[in-house]
Amino acid sequence: MIPYLDLKRINARWRGEIDAAVRRAIDSGRYLQGRENEAFEREYAEYIGTHGAVACGSGLDALKLIFMAYLERGDLRKGDEVIVPANTFTASVLAVRECGLRPVLVEPDIHTYQIDPTLIEVALTPRTRAILIVHLYGRCAFTTQIADICRRHDLLLVEDNAQAHGALFNGRRTGSLGHAAAHSFYPGKNLGALGDGGAVSSDDPELLRLVRSLANYGSSRKYLFEQEGLNSRLDEIQAAILRVKLRHLDSDNDRRREIAAFYLENIRNPEIILPEAEDMASNVFHIFPVRTAARDRLQAFLRENGVETLIHYPVPPYRQPCFHGELRGDFPITDRIHREELSLPCSPALTDAEAARIADLIYKIPLLGVISRPAASTSCRSFFITSA
């Protein structure tokens, strides 16, 4: 079986460095809010290109802390509306609702899977105060059109950068494009810990100060609580591990792009829609999504032939039972994506031969039609620059 994501294989590549980092954190005797966190926050902010970063317990917490800080400062008020892509992961909507704000869902562009800028302005009301863009699947969702909308309507721009560590827009990294950004270090992310974790990045020092206080129960001084906050902290061991993996993030992203380019070149089936061939720097391919009306048949065929795939995501947020039907609207593009999307293995630990096997199987699948052309595996060696 070719696994969708083999975390053991991914982390084994840096095992020696990770072991040394863990020993360093254990030997320090400081397991929360110590030097590893300080160093990681500094190094991550430098990598993203922002004034600073504050580490926290998860990507969801990072989003919540941003909105909590804006509420505390008076930039937002309970009941304000936040534009959110309709096809995002549920956590994006949860963070908005849990802070007493109202998510207004906007359809994506069917070609990019990112929020459609042409539909945002139509959804604005006098209560709209912010836009949350989600760099879904690892592709940059930021556009100059979105930035212009925020300027003209005096809106906050928040980035959900859980899936796009290292993606670029005109030389700037995602996480530095809006007023603030939330990052997730869940183990399966491009920059993944060996546990959970998150961070907030921003060029706004006052916002970062509030986020740090809110993540520590609302306290910036011991036993004095200025706000009602959370207990959301990244532990020292995870910070030490993330420092190791941050050093290898760009090379891992390059490998993901290399695999994605191979798929784009070699998967040829008229009933399968591939991601757009774009400026590869803007996409770190956290997920390589294909679409087909025969999604379930394709997934079953690949499983029967030893390839594990995932669906991101089978149920869109507005159909989730936890929201009790309160996210009203008609979202046919979102429904189509969620009905047709299938994620192929695209991890930096995937080998050339495994990528070729996957492309060859999709070429040969009898359920979706066959095209006469050389098998993908015949071009594998000449195409790949390196071998994982």
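The values are calculated or read from the model by the stated rules, or taken from the named source; none is laboratory data. Since the model is a prediction, treat every value here as computed from it, not as a measurement. Positions of Cβ are backbone-derived with ideal geometry, glycine not excepted, and every protein chain shown enters the neighbour counts. We work out accessible area using only protein heavy atoms, side chains counted, and drop any ligands, DNA or RNA first. Shrake-Rupley method; radii C 1.70, N 1.55, O 1.52, S 1.80 Å.
Tabulated data
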| read-out | value |
| --- | --- |
| Loop-resident sites, the range 299-351, for trypsin sites (Lys or Arg not before Pro), counting at most 15 other Cβ within 10 Å (DSSP) | Arg328 |
| Gain in span if fully extended, Arg30 to Ile273, counting 0.36 nm per residue against the direct Cα distance | 82.5 nm |
| Spin-label model distance (nm) - Phe225 vs His51, 7 Å beyond Cα toward Cβ | 2.8 |
| 3J(HN,Hα) from dihedral phi, the range 269-277, Karplus parametrisation 6.51/-1.76/1.60, rounded to Hz, x for glycine, proline | 8, x, 9, 10, 9, 8, x, 4, 7 |
| Karplus 3J(HN,Hα) series, Hz, for the range 325-334 with 6.51 cos²θ - 1.76 cosθ + 1.60 (x for Gly, Pro) | x, 7, 8, 7, x, 10, 10, x, 5, 4 |
| Range in the chain, longest, excluding exposed GluC sites (Glu not before Pro) [loop by DSSP; at most 10 other beta-carbon atoms within 10 Å] | 1-227 |
| Rounded tilt (10° steps) of 205-215 against the dominant C-alpha axis of the chain | 90 |
| Selection from Leu132, Leu71, His338, by position along the positive dipole direction of the chain (Cβ) | His338 |
| Long-range amide H partners of Leu310 with built H, under 5 Å | Ser343 |
| Fluctuation leader among Leu119, Leu155, Leu101 - the chain, Gaussian network, Cα springs under 10 angstrom | Leu119 |
| Net lengthening on full extension, Arg328/Glu98 (0.36 nm per residue, minus Cα-Cα) | 81.0 nm |
| Chain lengthening between Asp154 and Asp19 when straightened (0.36 nm per residue, less Cα-Cα) | 43.9 nm |
| 0 to 90° range, to nearest 10: angle between helix 352-364 axis and the chain longest Cα axis | 60 |
| Mean separation of Cα contacts under 8 Å, 6 or more apart, over the residue count of the chain: relative contact order % | 21 |
| Accessible area expressed per residue, the range 221-364, with surrounding protein chains retained (probe 1.4 Å, Å²) | 43 |
| Surface share of carbon and sulfur [accessible, 1.4 angstrom probe, percent] for the chain | 51 |
| Note, ³J(HN,Hα) from phi for the range 26-41, Karplus 6.51, -1.76, 1.60, rounded to Hz, x at Gly and Pro | 5, 5, 5, x, 10, 10, 9, 6, x, 5, 5, 5, 4, 5, 5, 4 |
| Lys pairs under 16 Å by Cα in the chain, provided they are eight or more residues apart or on distinct chains | 4 |
| Within the chain, percent of DSSP bridges classed antiparallel, to nearest 5 | 55 |
